[in-house]
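Following: one structure in structure tokens, then a few remarks.
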Amino acid sequence: QVQLVESGGGSVQAGGSLRLSCAASGYRYSRYCMAWFRQAPGKEREGVAYYGSDGTSSYRGSVKGRFTITSDNAKNTLYLQMNSLKPEDTAMYYCASGWGSCTTNSGAYNHWGQGTQVTVSS
């Protein structure tokens with residue numbers, strides 16, 4: 001019943017921008033940590049950005065200053081604005097939610113979206 005659905009992925013050239021959306025249904029996520037993870041082929045899943053239930057946000061070092069995570073709680077929708085994209089950002093991006101404090105451990109998140117592909121070319 002709980003669903004997270006990502007959208008907004010696509011193919012862009014280096015330096016371009018994309019805005020990812022994550023629409024949640026089945027529950028209100030205001031008391032959860034919402035996060036964006038990504039995974040490239042052959043690599044482990046890694047956290048990208050986190051939005052805590054207290055409204056605080058944090059980012060992976062490599063995306064600081066380029067990515068911004070925001071939330072529209074009334075719409076139960078999470079966003080990831082990605083600017084100055086680099087080829088290294090190419091990956092499948094996943095939206096996730098977990099109860100309690102945010103963590104980089106993907107195992108702590110119990111709800112996941114299906115993913116949206118982001119491809120950045122040189």
| query | Of the residues in the stretch 38-59, how many are touching a Ser or Thr at 6+ places or on another chain (Cβ under 6 Å) and assigned to a strand (DSSP E or B)? | reply | 3
| task | Could you tell me whether any residue of the stretch 50-62 is closer than 14 Å to Leu18 by Cβ and of a type outside the set (D, E, K, R)? | result | no
| Restricted to the stretch 16-31, and to residues that are open to solvent by less than 60 Å² (accessible area, probe 1.4 Å) and not hydroxyl-bearing (Ser, Thr, Tyr), which residue is modelled with the lowest pLDDT? | Gly26
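Open to solvent by 50 Å² or more (accessible area, probe 1.4 Å), among the hydrophobic types (A, V, I, L, M, F, W, C) and more than 11 Å from the chain's Cα centre (by Cα) - does that describe any residue in the stretch 53-69?
Within the stretch 53-69, the first condition is being open to solvent by 50 Å² or more (accessible area, probe 1.4 Å), and the residues that meet it are 53-54, 56-62, 64-65, 68.
Checking the rest, the ones that are also among the hydrophobic types (A, V, I, L, M, F, W, C) come to none.
So far as the stretch 53-69 goes, no, none of its residues is open to solvent by 50 Å² or more (accessible area, probe 1.4 Å), among the hydrophobic types (A, V, I, L, M, F, W, C) and more than 11 Å from the chain's Cα centre (by Cα).
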| Taking into account only those residues within the stretch 90-103 that are under 12 Å from the mean Cα position of the chain (by Cα) and not aromatic (Phe, Trp, Tyr), which is farthest from Tyr27 (Cα to Cα)? | Ala91
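Could you check, for the stretch 32-46, whether at least one of its residues is open to solvent by 30 Å² or more (accessible area, probe 1.4 Å), among the aliphatic types (A, V, I, L, M) and either modelled with pLDDT of 95 or more or touching a Lys or Arg at 6+ places or on another chain (Cβ under 9 Å) (or both)?
Looking only at the stretch 32-46, we keep the residues that are open to solvent by 30 Å² or more (accessible area, probe 1.4 Å), and these are 32, 39, 41-46.
Now drop any that are not among the aliphatic types (A, V, I, L, M), which leaves none.
Taking every residue of the stretch 32-46 in turn, none turns out to be open to solvent by 30 Å² or more (accessible area, probe 1.4 Å), among the aliphatic types (A, V, I, L, M) and either modelled with pLDDT of 95 or more or touching a Lys or Arg at 6+ places or on another chain (Cβ under 9 Å) (or both).
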| query | Of the residues that sit in the stretch 73-84 and are of a type outside the set (A, V, I, L, M, F, W, C) and open to solvent by 50 Å² or more (accessible area, probe 1.4 Å), which one is modelled with the lowest pLDDT? | reply | Asn73
| said: Being under 12 Å from Ala96 (Cα atoms) and within 12 Å of the chain's Cα centre (by Cα): is that true of Tyr32 here? | reply: no
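The values are calculated or read from the model by the stated rules, or taken from the named source; none is laboratory data. Predicted, not measured: the structure shown is a model, and the values here were computed from it. As a convention, Cβ positions derive from the backbone with ideal geometry for all residues, glycine included, and neighbour counts pool all protein chains shown. With ligands, DNA and RNA removed, areas are computed over all heavy atoms of the protein, side chains included. Shrake-Rupley method; radii C 1.70, N 1.55, O 1.52, S 1.80 Å.
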